[in-house]
Structures are given as structure tokens and as C-alpha cells.
Amino acid sequence: MLSIDFIRLNKQKVIDALRNKNREKYIDNVEKILSLDEERKKLAAQSQKLREERNLISKKTFTEETKTRGRQIKEDLKSIEETLNATEKQLQTLLSFIPNIPFDEVPIGKDATGNVLQHQWGTPKQFKFPIKSHIELGKDLNIIDFERGVKVSGFRGYFLKNEGAVLHLSLLFYVLQKLIKKGYTPLIAPAIVKGFTLFGAGQFPWGQEEVYKLNDEDAYLSGTAEVPVTSYYANEILKEEDLPKKFVAFSPCFRKEAGSYGKDTKGMYRLHEFWKIEQVIIGKSNINEARKIHDELQKNAEEILQDLNLPYQVLLMCTGDMGEPQHKKYDTETWMPSRQGYGETMSNSIMGDFQTRRLNIKYRKKDGTKEYCFSFNNTAVASPRILIALLENYQQEDGTVAIPDVLKSLTGFDVIKKK
């Protein structure tokens, strides 16, 4: 959420952000916000003036005149405060639809075609035999069962089984351990969350169609550990000397994929239910430090793919493909042979104080003043999507799949063979 003062001082930047993030329909709201803010200030001043008058009257000798005036003030206050509350509610609703401001280096673009390649690592393997997709490998090696997954769970359902299940858990545990060694606090994050967490993360109001709502009055299934972990310190004031707070969080994730009708309908690329290790950092309000943290998160993600010896590329996302809450975002895409291209496996974002304003997370500086924290997040690994790259890149001519060296001690086997 942007502050009204920022919007007032940077009106054109806000309008440009709305336009560049494909939210043109909310541009008229900017003037409405500024107008409502003026009305709110006016009503608040009237309310304060009446309260001061009421306090003065209470100190005077009680007369019929003071009694009548006191009654009138009470009625006027009730009317003004009802209008004030309605104005503030309308103002907050309009503010909730204003996206964050992209950094200057973010390319302007309408969609994924505007993303800019930053660098690539590794060379996609040239196979000397006809390759199989992860779907074929999963069936042949009896490690993935889509047919029974759909029968039991519905569209996009799946079972990981045998060595597939072991590989999945081994990979997640490897990544968790790696980041713990780097000083990140491990968390097992809840997947059932309250609505304020989704609003705070910026999932609401824009992405409500992607979220599963439960039968309870205020309960949803989270699509990423970013949501509960960013909300961990909601309505708290942290100490400057304790920042940054670094977390590596494991959680199940649930997404409706409502906006992806007809895309990736087969296989494990786009699923309703998966597992993820997420990096989340709460830091100080400092742009230079923010850029260093963003680079650190990116380095962590790339190290994981390099450990697995999986070729990848990094893209700087353009305004139209980066999402509403981000200042800046990198996507890391891993080579997937059956797609003959790269598929997104990590997303690394600087949010600034956009989320922390919504969640009211501040820190007290050494001089006693308080500021909103900055928040950051990046996928460390999401499975089973990453298994597409692992199975397909490590397949061998005899139909087996080799295990990356860094995972062998965890899986307990070197290769996945046909039963």
C-alpha cells in the first residue's frame, strides 16, 4: 500500500505505474483518493473542533443553554463521524487497488515479451538419443501416477511414488539445510491463513480468483509461504539492530490457476497443489541495503540450480509481467528438455514497504523514530515442478534417471531404474 502523502507528491509516477502494470482502469481513482483525503481531513478537523468545544462546555456552569448546546454537539459529532468513517472506508478501498511503483531500471512492457534476459548459466545438454518427457519417465519408472491422481484429486492431480517421492523430499530437505547453514531461520509455515495475510502480501484484492476459500468465515489456503511468513510480525515493532530477519520456510501451496485455462494441462508444470521452500526477509527501509538483499536472494537461488547442475537463465521482469506489489522482480527459468525451452522455477522480488504498510510492520530506529520495514521474497525451490528439469536433464539412454551428486546421500540411491 502506498501512503497518501507519496501519492500526492508523486501523482504522475502513480498514474504511470497503473498504466505500465496494466491497471489503467484504476487511474481515475488517483484523483478520487486525493479528493477523499481532503474530505477526510476536513471532517476530522470539524470533529476535533466540536470535541474541544464539548470539553470547554463541560467545565462551565450547567445551564439550559449549555445543555442544549451539548446535545447539539453530540448529534453533530455522530453525523460527522459516521460520514468520516464511511469516507475512510472508501479511501482505504481505493488505496488497496494502487500498485507499487517500479524502480527506474525496470523495463516497461505489456506482457512477458517485454522481459529482459540478464544472464544464462550452463549449456542445455544435447542428447544422443530420443528424449522422454517427465510424463513418460514418470510412467515408465513408476514414480509418478497422473491417472490415479486425477481419479482421486481431480484435474491436475498426481501421485509421486517410489523413488519419485523420495527424490521430492530429498530435494526439499537439501535446500532447507543449505539455507539454514547460511543463517536463515527455518519455519514450517501454515497453509491455512486469514484474509488479512493475503491482503498484506498483495494477493488481495487483485488475485482473489486464484485463492481457495475454506468454509470457515475467515480461512483460505495459501499459495506460497510468502503469505504467512511476511505476516509473521504483523502489527509489531521490531528493533533496528535485529534486522534483517531472514527466514527459509517450508509449506504446502494451493492455487486455483484460474487465469491459466488451457495452459500446461498435462504434467507437473502447473498444479493446484505443490510444495515449496520460500526465502523471506524483513529488512530496514534502505534502498541500497534492499538491493544487496535482493542480490543475496538471487545468489541463493542460482547456487541451488548450480548445485544440481541444471542450466538456467535469469530475466528482469517488465512492468506488465511483474505483479502489483513489486518494485523489482527477477524470474529464474530452468531448462526443461521436453519443452525445448526454459520454465520459470523461482521469482525474486523487492516489495519495499508496500506489504509492511498493509501489515503494519515497523522497526524502531536508534534515534527512537519508527519506520515501516522492507520485505523481500524469493523461491528457493518448488516441487514437483523442479522435478521436470531434474528427471528430463538427468535421463539416460537406457531409460534410467541419474541422481545429482548433491542428493545421493539423501535419496540413498544413485539412479532410478525401471522396476
Those residues of the range 77-120 which are among the charged types (D, E, K, R) and in contact (Cβ under 8 Å) with a residue 40 or more places away in the chain, in sequence order: E88, E105, K110, D111
Test of understanding: among L176, L214, which residue is within 21 Å of V381 (Cα to Cα), out of contact with any Leu (no Cβ under 6 Å at 6 or more places or on another chain) and modelled with pLDDT of 95 or more? L176
Considering only helices (runs of 4 or more DSSP H) wholly within the range 308-419, the ones with at least 1 residues that are of a type in the set (S, T, Y) are 354-359, 408-411
Working only within the range 261-292, note down all residues that are outside any loop (DSSP other than H, G, I, E, B) and out of contact with any helix residue (DSSP H, G or I) (no Cβ under 9 Å at 6 or more places or on another chain). I287, N288, E289, A290, R291, K292
Which of the helices (runs of 4 or more DSSP H) contained wholly in the range 129-234 include at least 3 residues that are surrounded by 14 or more Cβ atoms within 10 Å (Cβ to Cβ) and in contact with a Ser or Thr (Cβ under 8 Å, 6 or more places away or on another chain)? 163-181, 195-201, 226-230
Only listed residue being at pLDDT below 95, of a type in the set (D, E, K, R) and more than 21 Å from S347 (Cα to Cα), chosen from R148, R156: R156
Kindly check whether there is at least one residue in the range 293-301 that is buried (at least 22 other Cβ atoms within 10 Å of the Cβ), under 16 Å from the mean Cα position of the chain (by Cα) and not in a helix (DSSP H, G or I). no
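So that you can scan it fast, the table gives a plain yes or no per residue for (1) within 27 Å of G157 (Cα to Cα); (2) in contact (Cβ under 8 Å) with a residue 40 or more places away in the chain; (3) out of contact with any His (no Cβ under 8 Å at 6 or more places or on another chain); (4) not assigned by TED's automatic domain parsing to the domain that holds R270:
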| residue | (1), (2), (3), (4) |
| --- | --- |
| P325 | no, yes, yes, no |
| K328 | no, yes, no, no |
| W335 | yes, yes, yes, no |
| D353 | no, yes, yes, no |
| G368 | no, no, yes, no |
| A382 | yes, yes, yes, no |
| L391 | yes, yes, no, no |
Residues (in a loop (DSSP other than H, G, I, E, B), over 23 Å from Y26 (Cβ atoms) and at pLDDT 95 or above) located in the range 99-125: E105, N115, G122, T123, P124
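The values are calculated or read from the model by the stated rules, or taken from the named source; none is laboratory data. In this text, all values refer to a predicted model and were calculated from it rather than measured experimentally. Cβ: placed from backbone, ideal geometry, glycine included. Neighbour counts: every protein chain shown.
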